[in-house]
Amino acid sequence: MNDQVTCVVLCEGCDDATKEQVNAAMLPVAQEAFEAAKASGCEAGMLFFTATETSDVVYQLRMSCELGEPTGTPQLVILDIPDSGAYYVFDGDNIDTENIRLFIEDYDEERLERKELQEDEEEDGAGDQE
C-alpha cells in the first residue's frame, strides 16, 4: 500500500453477508485490472484489498483517513500514499461492482476530493530544540 495506489473496502464491522457481497463486488474489478496489466506487459497500476477483520494495519488506516470506528456500513477508499499521502473516500452507501468502477474512473479523471493522511501525533515537536 505504501508504494502503489490501493483500492480498499473496509467492512470489518459488517455482517458476513455484507462482507461476502462487497468482496464479490470488488473481485471483477480487481480481475479486470490484473488482466489489463497482464495484457499490456506492465505491473498492475492499482492494488485491491478488502478488510473483513480488524488488524493493526486496518486500524491505522482508519485513524489516518479519519474514518472512525467500524460500522455495519462498508467504506470504500482509494489510497495514493506515493502522492504525498493522498486518499479519496467514496461518498455513498451502495458499494457494488459498478460503483467501484465509477469511483476508480473518477479517481483516474481527478474528479474526487483529495485528502491527505493524518500523521501520528507523536511526530509533532520531535525536532524541537531549546
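Some notes on this structure:
- The C-alpha atoms of the chain occupy a region whose extents along the principal axes are 57, 38, 25 Å, arranged from largest to smallest.
- Candidates per GluC sites (Glu not before Pro) in the range 4-81, loop by DSSP, up to 13 other Cβ within 10 Å: Glu43, Glu53, Glu66
- Using alpha-carbon coordinates, inclination of helix 97-108 to the longest axis of the chain, degrees: 50
- Diffusion coefficient, µm² s⁻¹, Stokes-Einstein with Kirkwood Rh over alpha-carbon pairs of the range 9-51 at 25 °C and 0.890 mPa s: 218
Computed from the coordinates by the stated procedures, all read-outs in this text should not be read as laboratory data. Values in this document were obtained by computation on a predicted structure and should not be read as measured data. Here Cβ is always computed from backbone atoms with ideal geometry, including for glycine, and neighbour counts include all displayed protein chains.
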